[in-house]
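The values are calculated or read from the model by the stated rules, or taken from the named source; none is laboratory data. Since this is a predicted model, take the numbers as computed values, not measurements. As a convention, Cβ positions derive from the backbone with ideal geometry for all residues, glycine included, and neighbour counts pool all protein chains shown.
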Amino acid sequence: MNYPYDLAVGPHGQIVVAEYGANRIQIFSPEGASLGAIGGPGSAPGEFASPWGVAVDRDGAIWVADTLNHRMQALRIAWP
């Protein structure tokens, strides 16, 4: 991982990590196995510039503090 800054817990115990250095969100199983990543560098929807914070709401949306893009992004995914 490249500068993990924050984490949250998904609806089934998944671990969601804001990876600042790689401009992406990583998702892991409760046991720590990688389930995939979302994003990459950029400013389009689903891309990030220094994501510093992450949260999962009660509906399962992932909220990302996309710091250098000066915005919050809500990601709705099919949870693994």
Against the conditions (1) surrounded by 14 or more Cβ atoms within 10 Å (Cβ to Cβ); (2) modelled with pLDDT under 95, where does residue 2 fall short? Just the number, please. (1)
What's the total number of residues in segment 11-36 that are of a type outside the set (S, T, N, Q) and over 8 Å from the mean Cα position of the chain (by Cα)? 14
So, in segment 31-50, of the ones that are part of a strand (DSSP E or B) and of a type in the set (Gly, Ala, Ser), which residue ends up nearest to residue 17 (Cα to Cα)? 37
Please find, within segment 69-78, the residue that is farthest from residue 38 (Cα to Cα) out of those that are over 9 Å from the mean Cα position of the chain (by Cα) and surrounded by 14 or more Cβ atoms within 10 Å (Cβ to Cβ). 69
Out of the residues in segment 50-68 that are surrounded by fewer than 16 Cβ atoms within 10 Å (Cβ to Cβ) and touching a residue at least 24 places away in the same chain (Cβ under 8 Å), which is nearest to the chain's Cα centre (by Cα)? 52
